[in-house]
Amino acid sequence: MSARLRWRLTSRSPGRTGGRSIQPGAPGTTRSAAPPRPAHAARPASRSGSPGPPAATATQVVVVRPIPAGARLTARDLAVVRLPAQYAPSGAVAGPRAVLGRRVAVALPTGAPLMEAELAPDAPAFAGRDVAVRVDDAAGLPAGDLAGVRADVMLAPSGHGSEPTVVLADVQVVAAGRIDGVAVATLRLPPAAVATLIAAESRGSLRLVVRAGQDVR
């Protein structure tokens, strides 16, 4: 066989090109692409029954004993409970610190949530003066917690036969009590009334008359 015929037969042999065998994956060859992986196959399957995020909670103040209308709130009247935030009523008081000493506008039963709307409004800002005065030791002070109540100040002049007179009407009592055995009341007054009260104190004994309809427990 001639060299020319042998070259032609070799070039036509299957799997050979230019006298070299073509192997799959050899350099210069093209491999068929693998089918694309589905998009969901790249994500791991979620485990069934895994817990979700914790539910949001809120605090709420509740009443632990009956409170009459007008009473002043104390720490013994209140408790704090925690509940799911979605069940917390709008306008409920979340913490007791801000309401201690406030008066309630309506009677509250045991277990009731404390609402902002059930609190008596705070006294408006008043550009006055707080003045401490001594009241009649024999008569003393009216019983109960007098802080925040409204009262009249009466003067009982020295000497027999003198008629008591109202020195100041409807003033706010800031505090009242005994200091070293002496009955003292602190009153919040308009600036113009301070001199009137001090002058009346020098003319006789003063008495504090609490206006009716106010809770002083």
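The values are calculated or read from the model by the stated rules, or taken from the named source; none is laboratory data. Quick caveat, the model's predicted, so the values are computed rather than measured. So basically every Cβ, Gly included, is an ideal-geometry build from the backbone, and we count neighbours across all protein chains shown.
Observations, loosely collected:
- Leading residue by the ranking (farthest from the chain's Cα centre (by Cα)) among those in the range 178-193 that are under 15 Å from A151 (Cα atoms) and not hydrophobic (A, V, I, L, M, F, W, C): P190
- For the range 79-105, the set of residues classified as within 19 Å of P68 (Cα to Cα), of a type in the set (D, E, K, R) and in a strand (DSSP E or B) consists of R103 only.
- So P109, is it at pLDDT below 90 and loosely packed, with under 11 Cβ neighbours inside 10 Å: no
- Remark: pairs (first residue in the range 58-75, at positive phi; second residue part of a loop (DSSP other than H, G, I, E, B); Cβ separation under 8 Å; 6+ apart in sequence or on different chains) = G70/A105; G70/A120; G70/Q214; G70/D215.
- Residues (in contact with a strand residue (DSSP E or B) (Cβ under 6 Å, 6 or more places away or on another chain) and either closer than 19 Å to G148 by Cβ or part of a loop (DSSP other than H, G, I, E, B) (or both)) located in the range 58-68: V64, I67
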